[in-house]
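First comes the structure, then the notes that go with it.
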Amino acid sequence: MNKKPIIKFENVSLDYKEADGSKKSFNKMKTKFKKKIRSKLINVEKENKISKIINLTLLKEKNTLSLDNVSFNVYEGEFVALIGKSGAGKTTIINILNGRYVPNKGKIIVYNRTNLLDLDIKQQKLFRKTTATIFQHYDLIPNQKIIDTVLTNEVPEKPLVERLLKIYSKEEKQRAYEIISELGMLEQADKKIFELSGGEKQRVAISRAIARRDVKIFLADEPVSALDPSMLKVVMDMIRKANIERGITTITNLHHIEVAVEYADRIIGIKKGKIVYDGKAVDITIKDLKNIYGSSIEGLSQQQINHAVKLNKKWKK
Ligand SMILES: Nc1ncnc2c1ncn2[C@@H]1O[C@H](COP(=O)(O)OP(=O)(O)O)[C@@H](O)[C@H]1O
Ligand SMILES: [Mg+2]
C-alpha cells in the first residue's frame, strides 16, 4: 500500500458546547460555516429539537469532550472503518472532515500539505470538491430521475441554466449511462428516486459520488445501517470496489462490527471521544472489541470474526 497520508488528524478535540455556542470558537469560524451552523440551528429549532441537543450536551459526563485529542493518519487508497458505541464520536469525525463542524483544537493535514482549518473558504471548497459524503438516508432529490441525479453530479461545474435545461454533451450522457449500467440499473435510468427501494437509493447515491471525476475521498456515515442484509452486501461491495478499482480513499462509520472486519483495511475504535484501537481489520480480536464496546458485543463470537477476516482477505489487492 502507498504510504502517503491523505488525511492526518493531529490532536483534534471538539466540545460541542464550545463549537456551537461560545462566541470564541464561533467567531473563529469562517463565515460560510457560521451560516451553515446557523441554518442548522434554525432547522433544529423548527423541528423543535433544540432542547434535545442542549440536553445531549448537558447529559454528557463532566469534562468529557466529544472528541478528545484524537490523532490518526489515513493513507491514500485505504479503507478505514470507524467503530464504537453510539455517542462515541464517529459522526463527529466525519462531520469535521466534511466541514459541518470546526474543532476547538488540533490540526487536520490534508494531502500531506496543509492544515484544513487554516484554509480560506475558496481553498476549503477546493478540498471539498475532492470529497464525497454518503449519508445513511441518501440525500437525494425524490423527484429527480436516476439519470439526472448522476448527470448533475458528474458535471457540477455546469452553469445552473444548462443544468436546469438539462443541456449535456453526448459524451457526458454516455458516461452517466455507463455508470448507471455498472450499477445494474440501466433499465431504470428514467425512474424517479422516490420509486426506488432503500438499497437502490443508496446505490444511486454512491454512483452519483463515483461519477464526480475529482472525488478522491469517500466519507460515509453509517451508509448501510438502514438496509436489509442482502442490500447491505450489495452496497458495501460497491463502496469497496470503488475504493479498490478507483483508488478512492474511504472513511466510514459502520454500525455492524462484522461488516467493518469484512470490508475495511483498518479499523479505528473510538470510545468516549478517544481512540482505543487503531490497527488492521484482520488483526482485531474479541478482546479489542470488548474494550471498544464494553459489554455490548455479546452475541458476537470469535468464529464470526474469523469468518469476516476470511472474507476480508478476498479483497486484498
Ligand atoms: N449537535 C450536537 N450538539 C451537542 N452535542 C452533540 C451534537 N452532536 C453530537 N453530540 C454529542 O457528541 C458526542 C459524539 O456524538 P457522535 O459523533 O454523533 O457519536 P456517534 O456517531 O459515535 O454515535 C455524543 O456525546 C453526542 O451526544
Ligand atoms: Mg453517528
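Values quoted throughout were computed directly from the atomic coordinates according to the rules given, and no laboratory measurement underlies them. Not measured: the values here are computed from a predicted model. All Cβ positions, even for glycine, are placed from backbone atoms using ideal geometry, and neighbour counts span all protein chains on display.
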Next on the checklist: Once you place label points 7 Å from the Cα toward the Cβ at Ser71 and Leu160, how far apart are they in nm?
Outcome noted: 4.5 nm
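Please label the shape of region 176-317 as rounded, prolate or oblate, based on the square roots a ≥ b ≥ c of the eigenvalues of the alpha-carbon gyration tensor (a/c under 1.5 means rounded; beyond that, a/b larger than b/c means prolate, else oblate).
Prolate, since a/c reaches 1.5 and a/b exceeds b/c.
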Checklist outcome for this item: Between the modelled labels at Val234 and Lys17 (7 Å from Cα along Cα→Cβ) the distance in nm is 4.7 nm
Checklist entry - Can you give the FRET efficiency for Arg100 and Arg246, using 1/(1 + (r/R0)^6), R0 = 22 Å, r = Cβ-Cβ distance, to the nearest 0.05? => result 0.30
Next on the checklist: Give me Glu172, Glu245 sorted ascending by neighbouring Cβ count inside 10 Å, so fewest comes first.
Outcome noted: Glu245, Glu172
Checklist entry - Roughly what would the spin-label model give for Ser301 and Lys274, points 7 Å off Cα along C-beta, in nm? => result 3.3 nm
Next on the checklist: Which of the three applies to region 172-241, rounded, prolate or oblate, going by the alpha-carbon gyration tensor with a ≥ b ≥ c and a/c under 1.5 meaning rounded?
Outcome noted: oblate
Checklist entry - Quick one: which of Lys8/Lys290; Lys201/Lys316; Lys3/Lys310; Lys122/Lys271 span more than 31 angstrom between C-alpha atoms? => result Lys122/Lys271
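Can you give the FRET efficiency for Asn115 and Ser197, using 1/(1 + (r/R0)^6), R0 = 30 Å, r = Cβ-Cβ distance, to the nearest 0.05?
Approximately 0.10, to the nearest 0.05.
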Checklist entry - If you take the square roots of the eigenvalues of the alpha-carbon gyration tensor of region 105-262 and sort them as a ≥ b ≥ c, do you get rounded (a/c under 1.5), prolate (a/b over b/c) or oblate? => result oblate
Checklist outcome for this item: Stretched fully, the stretch from Glu258 through Asp288 gains (0.36 nm per residue minus C-alpha distance, one decimal, in nm) 9.4 nm
Checklist outcome for this item: Quick note on Arg212, Arg266, ordering by fewest other C-beta atoms within 10 Å, gives Arg212, Arg266
Item to check | Whole-Hz ³J(HN,Hα) from phi, Karplus 6.51 cos²θ - 1.76 cosθ + 1.60, for region 181-198, glycine and proline x | outcome: 5, 4, 6, x, 10, 4, 5, 9, 3, 8, 6, 8, 3, 5, 7, 9, 7, x
